[in-house]
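Peer 1: Sharing a structure below in structure tokens format, with a few things to ask.
The values are calculated or read from the model by the stated rules, or taken from the named source; none is laboratory data. Just so it is clear, the model here is predicted, and its values are computed rather than measured. We place every Cβ from the backbone using ideal geometry, glycine too, and count neighbours over all the protein chains shown. When the accessible area is computed, the model is the full protein with side chains, heavy atoms only, and any ligands, DNA or RNA have been set aside. Shrake-Rupley method; radii C 1.70, N 1.55, O 1.52, S 1.80 Å.
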Amino acid sequence: MGYVHGVIVVAGESLIDLVPDGAAGPLPALVPRRGGGPYNTAVALGRLGAGVAFCSRVSTDAFGEALMGGLREAGVATGLVQRGPEPTTLAVASVGADGSAEYGFYVEGTADRLFALPERLPQGVRAVAFGTCSLALEPGASAYEALLRREAERGVLTLLDPNIRPGLIPDAAAYRERFESWLPYVSLLKLSEDDADWLGGTPARWLERGPSAVVLTRGGAGLTVHTPSYEVSVPAVRVEVADTIGAGDTVNAALLHGLGDRPVQALDAGAWSELLTYAARAAALTCTRPGAEPPYASELTA
């Protein structure tokens, strides 16, 4: 497995997941856990040993301080984090019998929506990852989109995980059109089967628009990469699932970390099989514990 030389920037929201504590009843107690797709990806990268920086706007409230603490604990650089007095976004999770999670969001006037385009990213950035709520909620969405386009035009590898949250998207048709407009600037598109169904496209169609590869996560059925020349699939790792919160974000981190300095288009079928297997193992470990708790590098080498 090739590893990283250079910094990976993860751009997008952080928030607090309010997760049921597991007790039965119509109104279970809710436990606050640090989360947000991009935040989870950044923390996962830090735990895997990557050089990583988080690029976002984070509240100065108590939740925001806890989020910043989680970044520092994982070794994530915070110099690109903007701070503000606005409240932290809250996501209330409901967990199904199979461990899958659905969310209700409290996002009005929150800090991450007011993200502003940074003048520049530091030297040595080799990849930038984007996704989830930050690309759906204005005015921040336009700033993140501008960052995606600018860094892609500079030749930086870009990963996009749309991680669709339908309840946050008031105009589905407009979002789908905007998603298509991002694809020429995306090196690696990663999405779930649910995302693909909601977006209404296919990997073959999206590959024609720009990405060098499309990775599709299929839950218990594993992962598949689609490239212009071939497809490679690997099975999921069987574990006892606590919930699936953060599993897809861990896949993002494992893909970026495992790529090392290699361009996406340089991977052959064997390299993709190795990389997807690594990502499947990392995601499986995340699923064994409540909330978004990605593994450390030592857990994957044990």
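Peer 1: Against the 2.2 N^0.38 Å scaling, with N counting residues, where does segment 205-302 land? I'd like the Cα-based Rg ratio to two decimal places.
Peer 2: After normalising by residue count via 2.2 N^0.38 Å, the value is 1.07.
Peer 1: Send over the semi-axes of segment 1-160's equivalent ellipsoid, whole angstrom and largest first, taken as the square roots of 5 times the C-alpha gyration tensor eigenvalues.
Peer 2: Working from the Cα gyration tensor, I get semi-axes of 27, 18, 14 Å.
Peer 1: Roughly how many nanometres apart are two label points built 7 Å out from the Cα toward the Cβ at S229 and A271?
Peer 2: Roughly 1.0 nm, to one decimal.
Peer 1: HN-Hα J couplings of segment 64-77 from phi, Karplus 6.51/-1.76/1.60, θ = phi - 60°, integer Hz, Gly and Pro as x?
Peer 2: For segment 64-77, the Karplus-derived couplings read x, 5, 5, 5, 5, x, x, 5, 5, 4, 8, x, 8, 5 Hz, x marking Gly and Pro.
Peer 1: Right, another one. Percent of accessible area on segment 236-291 owned by carbon and sulfur, 1.4 Å probe?
Peer 2: Values: 1060 of 2000 Å².
On segment 236-291, the fraction of accessible area on carbon and sulfur atoms equals 53 percent.
Peer 1: Could you run the Debye sum over the Cα atoms of segment 39-93, one equal point scatterer each and no solvent, and tell me log10 of I(q)/I(0) at q = 0.12, 0.16, 0.27, 0.31 Å⁻¹, two decimals?
Peer 2: -0.26, -0.45, -1.07, -1.23
Peer 1: May I pose another question? Give me the Kirkwood hydrodynamic radius of the chain in Å, from all C-alpha pairs, to one decimal place?
Peer 2: 19.0
Peer 1: How much accessible area per residue does the chain have, in Å², with a 1.4 Å probe?
Peer 2: Using a 1.4 Å probe on heavy atoms only, each residue of the chain averages 41 Å².
Peer 1: Name the longest site-free stretch of the chain, where the excluded sites are GluC sites (Glu not before Pro) in a DSSP loop with no more than 10 other beta-carbon atoms within 10 Å.
Peer 2: On the way: sites that count: E108, E119, E240.
Longest gap between qualifying sites, sites excluded: 120-239.
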